[in-house]
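The structure under discussion appears below in the form of structure tokens.
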Amino acid sequence: MDNVHLFCTLLLIHTLSTVFRAGVPNPWVMACWEPDCTTGEQYVEAVVKICSLVGNLLKWVCQSSIMVCAMVTTGRFSVFDRRTRTESPALAEDAQPTESEKEIYNQVNVVLKDAEGILEDLQSYRGAGHEIREAIQHPADEKLQEKAWGAVVPLVGKLKKFYEFSQRLEAALRGLLGALTSTPYSPTQHLEREQALAKQFAEILHFTLRFDELKMTNPAIQNDFSYYRRTLSRMRINNVPAEGENEVNNELANRMSLFYAEATPMLKTLSDATTKFVSENKNLPIENTTDCLSTMASVCRVMLETPEYRSRFTNEETVSFCLRVMVGVIILYDHVHPVGAFAKTSKIDMKGCIKVLKDQPPNSVEGLLNALRYTTKHLNDETTSKQIKSMLQ
């Protein structure tokens, strides 16, 4: 995860007396608030809603002539004061787990170590389309039937591996959510104290969007699995021993079929896991999750749509990363928040986010737009404006 290692946050919040005495935010507070936050009360309210942005996202704050940013330079974060034109290191490149983080961190790290290999296997997945077509066109040719079956079985083994990884990723996410939302600390305090776990959350979300982008552009996956299930069914009817049946039994095949039928299966898995986590932990305020997600989406959008901010990106992969994170947190927010991300009362500027996506080269964001179209929960609600629906058509 070569981009995500830049993920870190620095929050330096001064006492309320400092805020009210100065009348403006301290220049070294890294936060995110609306431009019209001019009073001390508004500032404090905004600071409370601060959350860390996942991955190697930049953090920007503007108030009067003062800007603070987490700027990607040469693999480190720095803070920049526009007034004095000075730049200072803010946080080391790698956030190392504290003693209290290590148990969860090590559990999640075992999962994340396999993530890149999963993406490589998915990217190289070519399918057995030719063999399947030949077998279908010549149903009486036993050799072609055997050849197609022999080509499909190892591919289904790969699909099983991907599915099982999604279950491991879900368990990892639930562990992180538990650690980052537990009492007595607020989400902001958790992100300050447990930056290594926050970084892992970023890595999971980044992997998820990358996986789904690859899956959505590879129809061979569902074609191969459908052929496998049809052939396996015929073999059972004819009492023919089926090699590979022990590897993917009928119950597992049903679960895998539902998984791959989703437009974005990994993101759907994480959305369901987040929703389940919130419902099972009713003692935790839902705002612990939704405020954090909405702030992430807002920061992503502002950074991507503002030339001054975007010009600081060192490569296009950073742009892609920000786009993935923006879409990912929107979808999670839409599943967790009672009225979703598309309602007028939503804290996410959906029109602005969609416009940012539409402003990118079409080939680079079609998968992300499809994720919004097919993985969100409230897009087709009556409370969603016709303009937003039209933008996503």
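Which ones in segment 253-268 are open to solvent by 10 Å² or more (accessible area, probe 1.4 Å) and assigned to a loop (DSSP other than H, G, I, E, B)?
262, 263
Residues of segment 365-374 being in contact (Cβ under 8 Å) with a residue 40 or more places away in the chain and closer than 14 Å to residue 324 by Cα, which ones?
365, 367, 368, 370, 371, 372, listed by residue number.
Scanning segment 307-335 for residues that are farther than 22 Å from residue 210 by Cβ and in contact (Cβ under 8 Å) with a residue 40 or more places away in the chain, which turns out most open to solvent (accessible area, probe 1.4 Å)?
312
Of everything in segment 336-376, what is under 20 Å from residue 303 (Cβ atoms) and open to solvent by 30 Å² or more (accessible area, probe 1.4 Å)? Give them in sequence order.
Across segment 336-376, the qualifying residues are 347, 349, 351, 355, 358, 359, 361, 364.
Collect the residues in segment 296-306 that are part of a loop (DSSP other than H, G, I, E, B) and either buried (at least 24 other Cβ atoms within 10 Å of the Cβ) or of a type in the set (A, V, I, L, M, F, W, C) (or both), keeping them in residue-number order.
Of everything in segment 296-306, nothing turns out to be part of a loop (DSSP other than H, G, I, E, B) and either buried (at least 24 other Cβ atoms within 10 Å of the Cβ) or of a type in the set (A, V, I, L, M, F, W, C) (or both).
Restricted to segment 241-252, and to residues that are out of contact with any helix residue (DSSP H, G or I) (no Cβ under 9 Å at 6 or more places or on another chain) and outside any helix (DSSP H, G or I), which residue is most open to solvent (accessible area, probe 1.4 Å)?
Residues of segment 241-252 out of contact with any helix residue (DSSP H, G or I) (no Cβ under 9 Å at 6 or more places or on another chain): 246, 249, 251.
Keeping just the survivors that are outside any helix (DSSP H, G or I) gives 246, 249.
Values: 246: 155, 249: 77 Å².
Among those residues, the one meeting the criterion is 246.
Checking residue 190 against (1) touching a helix residue (DSSP H, G or I) at 6+ places or on another chain (Cβ under 9 Å); (2) touching a residue at least 12 places away in the same chain (Cβ under 8 Å); (3) not hydroxyl-bearing (Ser, Thr, Tyr), which single condition isn't satisfied?
Just one mismatch for residue 190, condition (2).
Kindly indicate whether any position in segment 184-193 is in a helix (DSSP H, G or I) and of a type in the set (Phe, Trp, Tyr).
No, segment 184-193 contains no residue that is in a helix (DSSP H, G or I) and of a type in the set (Phe, Trp, Tyr).
Table: residues versus (1) over 30 Å from residue 97 (Cβ atoms); (2) open to solvent by less than 40 Å² (accessible area, probe 1.4 Å); (3) touching a Lys or Arg at 6+ places or on another chain (Cβ under 7 Å).
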site: 124; (1), (2), (3): yes, no, no
site: 129; (1), (2), (3): yes, yes, no
site: 148; (1), (2), (3): yes, yes, no
site: 152; (1), (2), (3): yes, yes, no
site: 175; (1), (2), (3): no, yes, no
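Could you check segment 213-224 and list, in sequence order, the residues that are assigned to a helix (DSSP H, G or I), at pLDDT 90 or above and under 26 Å from the mean Cα position of the chain (by Cα)?
214, 215, 220, 221, 222
If the Cβ limit is 7 Å and pairs must be 6+ apart or interchain, which residue in segment 223-239 that is buried (at least 20 other Cβ atoms within 10 Å of the Cβ) pairs with which residue that is modelled with pLDDT under 85 and not hydrophobic (A, V, I, L, M, F, W, C)?
232/245
Cβ contacts < 8 Å: first residue open to solvent by 40 Å² or more (accessible area, probe 1.4 Å), restricted to segment 269-295; second residue assigned to a helix (DSSP H, G or I) and at pLDDT below 85, any location; separation 6+ or different chain. Result?
So the pair list comes out as 281/181.
What's the total number of residues in segment 377-387 that are within 16 Å of residue 330 (Cβ to Cβ) and either surrounded by 17 or more Cβ atoms within 10 Å (Cβ to Cβ) or basic (Lys, Arg) (or both)?
Total satisfying the criteria: 4.
Could you give every pair whose Cβ atoms fall below 8 Å, whose first residue belongs to segment 149-160 and is without any contact (Cβ under 8 Å) to a residue 40 or more places away in the chain and among the hydrophobic types (A, V, I, L, M, F, W, C), and whose second residue is crowded, with 19+ Cβ neighbours inside 10 Å and in a helix (DSSP H, G or I), counting only separations of at least 6 or pairs across chains?
151/131; 151/132
The values are calculated or read from the model by the stated rules, or taken from the named source; none is laboratory data. Keep in mind that what you see is a predicted model, and the values were worked out from it rather than measured. Every residue, glycine as well, gets a Cβ built from its backbone with ideal geometry; the counts of neighbours run over all protein chains shown. Remember, those area values only see protein heavy atoms, side chains included, never the ligands or the DNA or RNA. Shrake-Rupley method; radii C 1.70, N 1.55, O 1.52, S 1.80 Å.
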